[in-house]
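The values are calculated or read from the model by the stated rules, or taken from the named source; none is laboratory data. Being a predicted model, the structure only gives us computed values, none of them experimental. When we count neighbours, we look across all protein chains shown, and the Cβ atoms used for this are built from the backbone with ideal geometry, even at glycine. When the accessible area is computed, the model is the full protein with side chains, heavy atoms only, and any ligands, DNA or RNA have been set aside. Shrake-Rupley method; radii C 1.70, N 1.55, O 1.52, S 1.80 Å.
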Amino acid sequence: MKYKSYSATSFKHTPYYHKLSSQQQNEFNIVTKILHFKVNNYVLENLINWEDLENDPIYKLTFPQRGMVLDKDYQRLENRIEISAENSSIEMAALVARKNLYPPHMPTNDNHIQIDGLYHLFPKTLELFPTKASTCHSYCTYCHRWMPLVEQDARYTYSNDAKVIEYLQAHSEIEDVIFSGGDPMVMSASSIKKVVEPIIAFGQIKSIRFISKSLAWWPYRYTTDEDAQELLTYFDELTKRNIHVTFVAHFTHPKELQPQVVQQAIANILRSGVVIRCQGPIVKGINDDADILAELWKKQVQFGMVPYYLFVEFNYGPTGYFKIPIAKALEITQQAIRNSCGLVKTIRGPVISDKQMKLCIEGTVTIAGNKMFVLKCINSHQPENVGKIFFEKFDEFKLRLALDLIESV
Ligand code: SF4
């Protein structure tokens, strides 16, 4: 299959557009003026059930929905389109709507961005955002990486290797780098080599991680793409040079693992000596169900991958379209883990990434008559916090933790 991506405009020229009801078409035309949209031929042809869009998780995962934007902003834009207002007026309404959804920063803490495109939160790990990785094979509706992905905000990416090397040399404690994006696997094999080689050349870096949703969105990257073999050979070379390579695969729903080509792609990556760990968020209406999560993790283990993190969004944005109360996310996760075999229990979750720490919600406990969430710090920019247990007052309906934590003594 040859990769073909569709924007909101070009999608309307596909037969799939006509599978949307007229109301869905109308909403699609309005909402995609505000929100990012990109889908590809593989997702359209293989992952979406066009006969049952209302209940299809991959449709919700790729097609922005009306509930994702604020009602007043939706209506303003709809009115301007209905009266055939000038383009500039429509664009202005879309811009206002977008700004109301996305504050002008990433959900991560800007204080940890030391140099454009470099994010240094945990002492031993540096996260890198190469400019060429500033897109994905398809966009997820719940994605918050709006600024680097769509607005191509230069603060969030780098193209100058010299600055990265200078930073690494000034921080000899860093031994692990994460290539993130967008998606680093949108880069050609030769571009991947170009960003990796200077960083590992002087022996400081012992492990590399690639965070990618390409196995779900474009598995042909590891089977029939022109440079698929070159990429797999490079993975193999890296592991033979004693660089530990982890492919952090982003999966959201077991449907993403069904096509035969995904299983082939996974097998090809594993054969190159790379470890695949899986992560993704729990999101309302897509995978907020213990059976779905248990099935997702079971398939991951079955195909030779390691369940790793289940995230809860720290900030759902003003509409909270995908929001799940923290207590509910915990209950679903625990139920899914209980229903799984021991190999699945490598999963950690629900996990929240705070500005300072990565915290796993371990469960609840009642102390002196007060029900509390129990949280464990699993990583922090202050190593002395790692492993510490914290408590926060339990609330059945709370959508996010205040992280006004009480440390255990
Ligand atoms: S693959 Fe990752 S970066 Fe790309 S749209 Fe999805 S969540 Fe965002």
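Can you give the convex hull volume of the alpha carbon atoms of the chain per residue, in Å³?
About 148 Å³ per residue, rounded to a whole number.
Counting each DSSP H run of 4 or more residues in the chain as -39500 (n - 2.57), what helix-only mean residue ellipticity at 222 nm follows after dividing by all residues, to the nearest 500 deg cm²/dmol?
-9500 deg cm²/dmol, from helical runs alone.
To the nearest 20 debye, what charge dipole does the stretch 354-409 have about its Cα centre, counting +1 at the Cβ of each Lys and Arg and -1 at the Cβ of each Asp and Glu?
Computed charge dipole of the stretch 354-409: roughly 100 debye.
If I take R0 = 51 Å and measure r between the Cβ atoms of K99 and K193 in this structure, what FRET efficiency does the formula 1/(1 + (r/R0)^6) give, to the nearest 0.05?
0.85
Please give the peptides 332-343, 55-66, 380-391 ranked by average Cβ packing (other Cβ atoms within 10 Å per residue), highest first, as a rough proxy for protection.
55-66, 332-343, 380-391
Count the net charge of all other residues whose Cβ sits under 15 Å from the Cβ of Q229, scoring Lys and Arg as +1 and Asp and Glu as -1.
Summing Lys and Arg as +1 and Asp and Glu as -1 gives -3.
Straight-line reach from K194: which lysines have a Cα under 23 Å away, not including same-chain ones fewer than 8 places off?
Filter leaves K124, K132, K163, K206, K213, K240.
Which lysines, if any, have their Cα less than 28 Å from the Cα of K393, not counting same-chain residues under 8 positions apart?
Counting by Cα, and skipping residues close in sequence, K393 has these lysines nearby: K284, K323, K328, K345, K355, K358, K371, K376.
For the chain, what is the accessible area per residue in Å², given a 1.4 Å probe and the full set of protein chains?
Here the per-residue accessible area is 44 Å².
Label 7 Å along Cα→Cβ of N26; the stretch 33-66 residues with amide nitrogen under 15 Å?
66
Which residue, chosen from N379, F397, C136, occupies the Cα position most advanced towards the positive end of the dipole of the chain, where the dipole is computed from +1 (Lys, Arg) and -1 (Asp, Glu) charges on Cβ about the Cα centre?
Highest projection toward the positive end goes to N379.
Report the FRET efficiency, 1/(1 + (r/R0)^6), for T239 and I115, where r is their Cβ-Cβ distance and R0 is 41 Å, rounded to 0.05.
For R0 = 41 Å, the calculated efficiency reads 0.90.
Less than 11 Å Cβ to Cβ from F390, Lys/Arg counted +1 and Asp/Glu -1: what total charge do the surrounding residues give?
-3
With a 1.4 Å probe and every protein chain kept in, tell me what percent of the accessible surface of the chain is carbon plus sulfur.
Its accessible area is 49 percent carbon and sulfur atoms.
Using 1/(1 + (r/R0)^6) with R0 = 22 angstrom and r between the beta carbons of L343 and L270, what's the FRET efficiency to the nearest 0.05?
After rounding to 0.05, the efficiency reads 0.90.
Could you name the aspartates and glutamates whose alpha carbon sits less than 14 Å from that of K2, not counting residues in the same chain fewer than 8 places away?
Within the straight-line cut-off, K2 pairs with E45, D225, E226, D227.
So, counting K/R as plus one and D/E as minus one, what does the shell of residues with Cβ under 12 Å around G273 add up to?
Surrounding charge for G273 is +1.
Could you pull out every residue, at least 5 positions away or on a different chain, whose amide H is within less than 5 Å of the one on D354? Hs are placed 1.01 Å off N in the peptide plane, and Pro or chain starts have none.
Those qualifying (amide H under 5 Å, at least 5 residues apart or on another chain) are L359.
Are there DSSP H segments in the chain that both extend 15 Å or more along their axis (alpha-carbon positions) and score a mean Kyte-Doolittle hydropathy of at least -1.0? List them, or say none.
22-34, 87-101, 189-200, 228-240, 260-271, 290-302, 326-338
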